[in-house]
Amino acid sequence: MRVLVTGGAGFIGSELVRQFLRETAYSVINLDKLTYAGNLDSLAEVADSSRYCFEQVDLCDSVRVTEVFTKHRPDAVVHLAAESHVDRSIDGPSAFIQTNVVGTYSLLEAARAYWLTLSQDAKSAFRFLHVSTDEVYGSLGAEGLFREDTPYQPRSPYSASKAASDHLVQAWHHTYGLPTLITNCSNNYGPYQFPEKLIPLIIHRAVLGQPLPVYGKGENVRDWIYVADHVRGVRLVLEQGQPGETYNLGGRSERTNIDVVRTVCAILDELVPDSPHRPHERLITFVADRPGHDLRYAIDSTKIEQTLGWRAQESFSTGLRATVQWYLQNRTWTDRVMSGSYRGERLGLA
């Protein structure tokens, strides 16, 4: 099978590309614009594979996107390319509308035009899988879980743009018959994540002895999923999911933000015993909360667990320890990706 992966140089996308090439016989076409969060260093181990091809293309460039379909003739698409950081969407929502909404529309139209040229058997086998987020559902109170039938209530420019792209994918299935699938996942963490997100940012700043910013009182709750577990779920949905369906993937690992930060600090205290910044918890600094900060997210993964047999394999404690170890062992990767315009400063103050 030939799989077109959009955003394959990003955090989740690069994990998907690596898994495909390491664990299957699939060929992979990686379509990525290479924004600040896209990094080909994350694909060094597979870059020379005869089953891998990279195309630097902006999703909003419909001519180039169409050319990629014509040239490579994929059997499936996994759409991961997106602007994804809530704080950045608060400061500059335009890029999120362009990439996440207009870009998804451009990709859907190119996929549909290509799909219509296929034989009947190839049409039936073709899949378009759109990877989304639990943030489209809004905010939970102290109880409850997001299910696939939870009404959408996005509350940030980022989540609104992802909700719009979800609706476009669903519409292209119901209106045109394009065999689409959607996954909505909880907070990912793991190796190769750009250090603007909570866990890698805290690791990066703690190692340098810099203040560790925690929004508000750190009481906001997120469900965490290790990136390799998430990607295994995406692969399963691509191969066995029912077109037109949505599948939620969560790690069943709810934690407050302050608990996550304190746990990272404790792991660093253990793994870097000679650090002059121990105990790292003393670096924690509470800062003004994010505007419109959702209180709690939590995913109900029952559907994919019961219908496809998927379940997260990594516990939060083992996954977080592995993540901290990876960043400590790959400081050169972090230094390279942080050498541009972003240096860990606060974003999203509106």
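The values are calculated or read from the model by the stated rules, or taken from the named source; none is laboratory data. In this text, all values refer to a predicted model and were calculated from it rather than measured experimentally. Note: ideal-geometry Cβ built from the backbone for every residue, glycine included; neighbour counts use all protein chains shown.
It is to be established whether one or more residues within the stretch 218-225 are assigned to a helix (DSSP H, G or I) and either among the aliphatic types (A, V, I, L, M) or closer than 28 Å to residue 287 by Cα (or both). Reasoning before the result, please.
Residues of the stretch 218-225 that are assigned to a helix (DSSP H, G or I), as a first pass: none.
No: the stretch 218-225 contains no residue that is assigned to a helix (DSSP H, G or I) and either among the aliphatic types (A, V, I, L, M) or closer than 28 Å to residue 287 by Cα (or both).
Pick from the stretch 217-245 the residues that are charged (D, E, K, R) and under 19 Å from the mean Cα position of the chain (by Cα): which of them is farthest from residue 311 (Cα to Cα)? The extreme case among them is 222. When 124, 132 are checked against the criterion of being in a strand (DSSP E or B) and surrounded by fewer than 24 Cβ atoms within 10 Å (Cβ to Cβ), a single residue qualifies: 132. Within the option set 279, 291, being at pLDDT 95 or above and either surrounded by 19 or more Cβ atoms within 10 Å (Cβ to Cβ) or not hydrophobic (A, V, I, L, M, F, W, C) (or both) holds for one residue only, 279.
Being part of a loop (DSSP other than H, G, I, E, B) and closer than 30 Å to residue 168 by Cα, is that true of even one residue in the stretch 283-291? Talk me through it step by step, then tell me what you get.
We begin by selecting, within the stretch 283-291, every residue part of a loop (DSSP other than H, G, I, E, B); these are 288-291.
Applying the additional criterion that residues be closer than 30 Å to residue 168 by Cα yields 290-291.
Yes: the stretch 283-291 contains one or more residues that are part of a loop (DSSP other than H, G, I, E, B) and closer than 30 Å to residue 168 by Cα.
All told, residue 223 meets the bar of being buried (at least 22 other Cβ atoms within 10 Å of the Cβ), within 30 Å of residue 292 (Cα to Cα), of a type outside the set (A, V, I, L, M, F, W, C) and out of contact with any helix residue (DSSP H, G or I) (no Cβ under 6 Å at 6 or more places or on another chain).
Considering only residues that are buried (at least 17 other Cβ atoms within 10 Å of the Cβ) and either over 16 Å from residue 319 (Cα atoms) or not polar (S, T, N, Q) (or both), which ones fall in the stretch 242-256? If the condition is that a residue be buried (at least 17 other Cβ atoms within 10 Å of the Cβ) and either over 16 Å from residue 319 (Cα atoms) or not polar (S, T, N, Q) (or both), then 246, 247, 248, 249, 250, 251, 252, 254, 255 are the ones that fit.
Counting only residues that are more than 22 Å from residue 298 (Cβ to Cβ) and without any contact (Cβ under 8 Å) to a residue 40 or more places away in the chain, the stretch 150-169 holds 1 of them. Inclusion of residue 48 among residues that are of a type in the set (D, E, K, R) and under 19 Å from the mean Cα position of the chain (by Cα) is not warranted. The helices (runs of 4 or more DSSP H) falling completely within the stretch 7-105 that include 2 or more residues that are crowded, with 19+ Cβ neighbours inside 10 Å and either touching a strand residue (DSSP E or B) at 6+ places or on another chain (Cβ under 9 Å) or at pLDDT below 95 (or both) map to 11-23, 62-72, 86-91.
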